[in-house]
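Q: Have a look at the structure that comes next, please.
The values are calculated or read from the model by the stated rules, or taken from the named source; none is laboratory data. Keep in mind that what you see is a predicted model, and the values were worked out from it rather than measured. We place every Cβ from the backbone using ideal geometry, glycine too, and count neighbours over all the protein chains shown.
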């Protein structure tokens, strides 16, 4: 039922409305990195008293879960180029690659003050010069690194 | 507030998943310009987010759940932010995922996402440690009297 990919002109505006909803309801900036960070910081203090950003994180997880419940399975198999490239015994190398990539994502997004949602959508919607520069930068390095990987594998 | 945030998160998560944007192959095809979907999706999302946010910024209503005025301040780019964004882009291209989709992958029970998640947690913890150290150093530099917000 849900198997077909949602058209971009429906999915995109829905995400845009999520950004607007958080602004209208809470006067806050929607960002997945902030949501992750809230959970990490709170758990680090042995606390479960998450603020709204923690609940945003649980909502994101629940969204994936809800999709599986409606669709009968996840939206995709494997993990992109990594599972296509490293098959059989070499698949073990995917784990450290993902951990390092994840660390770059977590550290980089914190330093940048946001990720694709926090800077790319919410920050740009606020017309923040910092977010515009960050978005241009991460799309830039993302594109370059994708082509480098393409050339190497 | 918590319920509202959870609902918005769930809508965000299921939309990302349904759009295929939690699939690293879709992100990669976008960044390699093989498919226009990623850029069209992003542009559509940003267009709506920008229009809605800017309208709210003009009207300055009271936020429905907190009662405070809808307003915000913006920041200028600096070396730390641009360096962070550059690192983020590298990780994004290698993993084919960013924080929102990683959370939605977890919900879908995608096993590999546990490693990406572990990495993100390590990265955030590292950043928070550095930030604490910088703040302590800034506090000492100011004679311990002024707690300077050196970095976020």
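Q: Sort out which residues of segment A:127-153 are crowded, with 24+ Cβ neighbours inside 10 Å, over 15 Å from residue B:93 (Cα atoms) and either in contact with a strand residue (DSSP E or B) (Cβ under 9 Å, 6 or more places away or on another chain) or facing chain B (nearest Cβ under 7 Å) (or both), and write them in order of number.
A: Correct list: A:134 only.
Q: Mind telling me which of the residues A:43, A:66, A:30, A:26 ends up being surrounded by 19 or more Cβ atoms within 10 Å (Cβ to Cβ), within 21 Å of residue A:105 (Cα to Cα) and at pLDDT 95 or above?
A: Only one candidate passes the filter, namely A:30.
Q: I would also like to ask the following. Which numbered condition in (1) touching a residue at least 60 places away in the same chain (Cβ under 8 Å); (2) part of a helix (DSSP H, G or I) is the only one that residue A:114 fails?
A: Looking at each condition in turn, residue A:114 falls short on (2).
Q: Also, quick follow-up: Which condition number does residue B:107 fail, the rest of (1) farther than 23 Å from residue A:64 by Cα; (2) in contact (Cβ under 8 Å) with a residue 12 or more places away in the chain; (3) over 17 Å from the mean Cα position of the chain (by Cα); (4) part of a helix (DSSP H, G or I) being met?
A: (1)
Q: Name the single residue, out of those in segment B:55-96 being part of a loop (DSSP other than H, G, I, E, B), more than 7 Å from chain A (Cβ to nearest Cβ) and within 22 Å of the chain's Cα centre (by Cα), that is surrounded by the most Cβ atoms within 10 Å (Cβ to Cβ).
A: If we take residues in segment B:55-96 being part of a loop (DSSP other than H, G, I, E, B), more than 7 Å from chain A (Cβ to nearest Cβ) and within 22 Å of the chain's Cα centre (by Cα), then B:78 is surrounded by the most Cβ atoms within 10 Å (Cβ to Cβ).
Q: Would you check which residues across segment A:122-136 are touching a residue at least 12 places away in the same chain (Cβ under 8 Å) and part of a helix (DSSP H, G or I) and list them?
A: Passing the criteria: A:122, A:123, A:125, A:130, A:131, A:134, A:135.
Q: Looking at segment A:31-56, which of the residues that are more than 7 Å from chain B (Cβ to nearest Cβ) and in contact (Cβ under 8 Å) with a residue 40 or more places away in the chain is farthest from residue B:7 (Cα to Cα)?
A: Among them, the one singled out is A:34.
Q: Right, another one. Hey, does segment A:57-71 have a residue that's more than 7 Å from chain B (Cβ to nearest Cβ) and not in a helix (DSSP H, G or I)?
A: Checking segment A:57-71: not a single residue is more than 7 Å from chain B (Cβ to nearest Cβ) and not in a helix (DSSP H, G or I).
Q: Of the residues A:17, A:6, only one is facing chain B (nearest Cβ under 8 Å), in contact with a helix residue (DSSP H, G or I) (Cβ under 8 Å, 6 or more places away or on another chain), without any contact (Cβ under 8 Å) to a residue 24 or more places away in the chain and closer than 20 Å to residue A:115 by Cα; which?
A: None of the others qualify; the one that does is A:17.
Q: Under the condition of being part of a helix (DSSP H, G or I) and more than 7 Å from chain A (Cβ to nearest Cβ), which residue from segment B:17-41 is farthest from residue B:95 (Cα to Cα)?
A: It comes out as B:39.
Q: State the number of residues belonging to segment A:27-56 that are over 28 Å from residue B:40 (Cα atoms) and in a helix (DSSP H, G or I).
A: The number of residues fulfilling the criteria is 11.
Q: Here is a further query. Out of segment B:131-152, which residues are part of a loop (DSSP other than H, G, I, E, B) and either at pLDDT 75 or above or over 23 Å from the mean Cα position of the chain (by Cα) (or both)?
A: B:142, B:143, B:144, B:145, B:146, B:147, B:148
Q: Would you confirm whether any residue within segment B:115-125 is at pLDDT 95 or above and more than 18 Å from the chain's Cα centre (by Cα)?
A: Checked segment B:115-125: at least one residue is at pLDDT 95 or above and more than 18 Å from the chain's Cα centre (by Cα).
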